[in-house]
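Scroll down for the structure; my scribbles are underneath it.
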Amino acid sequence: MAEYRLYRNIEKSIIDFLVEELSAATPPWTGFRVEKAFSQIHEKNLPAICVNVEEPEIKRIEVGSNLYEEIVTVSIRLFCVDDGQRLDLAHWLTEKVMSGIDYYEYTVANEIASHDSYPDGIINIQKIVASRKELKNTSDLDKKDKFRHLFQFTCKVN
């Protein structure tokens, strides 16, 4: 049985959180896929969401100590069917993540990732780095990229 490390646990926790929250929303955000790989977005129909851990910032807590903290940057890309959906989903996402996201430590058995029923911590959002239309000149773009939104934040696990 294998275990995910911190970054994969963060990604998987966020993906599971989004899948659950999309279906629980009133009205529900139906038809959305949540993916880890950017390449999977273009293989199927829109709308879709892509979650990626980007670069971590690792700092020593104090000089001479082996203790450190990791501030992780997470990018969530929204691939929407129109500009209204993009704006509505970006606003909804901001409201959902600001209170934190349950963090789970996943184990993998038979190529299936699972976690205990109780969270192992919380992903605390430190700062929203970006919430904007990702590509400005969209006239010649493929429809899958026309209404793309970048939602990016820094976080740490407590």
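Looking at the range 127-158, which of the residues that are farther than 20 Å from residue 21 by Cβ and part of a strand (DSSP E or B) is modelled with the lowest pLDDT?
Per the criteria, the residue is 133.
Return the only residue of 144, 133, 156 being surrounded by 15 or more Cβ atoms within 10 Å (Cβ to Cβ), under 20 Å from the mean Cα position of the chain (by Cα), of a type in the set (Lys, Arg) and closer than 17 Å to residue 6 by Cα.
Within the list 144, 133, 156, the selection yields 156.
If you check 94, 73, which single one turns out to be touching a Pro at 6+ places or on another chain (Cβ under 8 Å), among the β-branched types (Val, Ile, Thr) and under 18 Å from residue 155 (Cα atoms)?
On inspection, the qualifying residue turns out to be 73.
Go through (1) surrounded by 15 or more Cβ atoms within 10 Å (Cβ to Cβ); (2) under 17 Å from the mean Cα position of the chain (by Cα); (3) of a type in the set (A, V, I, L, M, F, W, C) for residue 81 and report which single condition fails.
For residue 81, the exception is condition (2).
Can you name the condition, by its number, that residue 102 falls short on among (1) surrounded by 15 or more Cβ atoms within 10 Å (Cβ to Cβ); (2) under 26 Å from residue 2 (Cα atoms); (3) free of Cβ contacts under 8 Å to residues at least 12 places away in the same chain?
If we test residue 102 against (1) surrounded by 15 or more Cβ atoms within 10 Å (Cβ to Cβ); (2) under 26 Å from residue 2 (Cα atoms); (3) free of Cβ contacts under 8 Å to residues at least 12 places away in the same chain, just (3) comes out false.
Among the residues of the range 22-56, which ones are assigned to a strand (DSSP E or B), at pLDDT below 90 and surrounded by 14 or more Cβ atoms within 10 Å (Cβ to Cβ)?
Residue satisfying the conditions is 56 alone.
Please enumerate the residues belonging to the range 105-129 that are within 14 Å of the chain's Cα centre (by Cα) and crowded, with 18+ Cβ neighbours inside 10 Å.
Within the range 105-129, just 123 meets the criteria.
The values are calculated or read from the model by the stated rules, or taken from the named source; none is laboratory data. Computed from a predicted structure; not experimentally measured. A quick note on method: Cβ atoms are made from the backbone with ideal geometry, for glycine too, and the neighbour counts reach across all protein chains shown.
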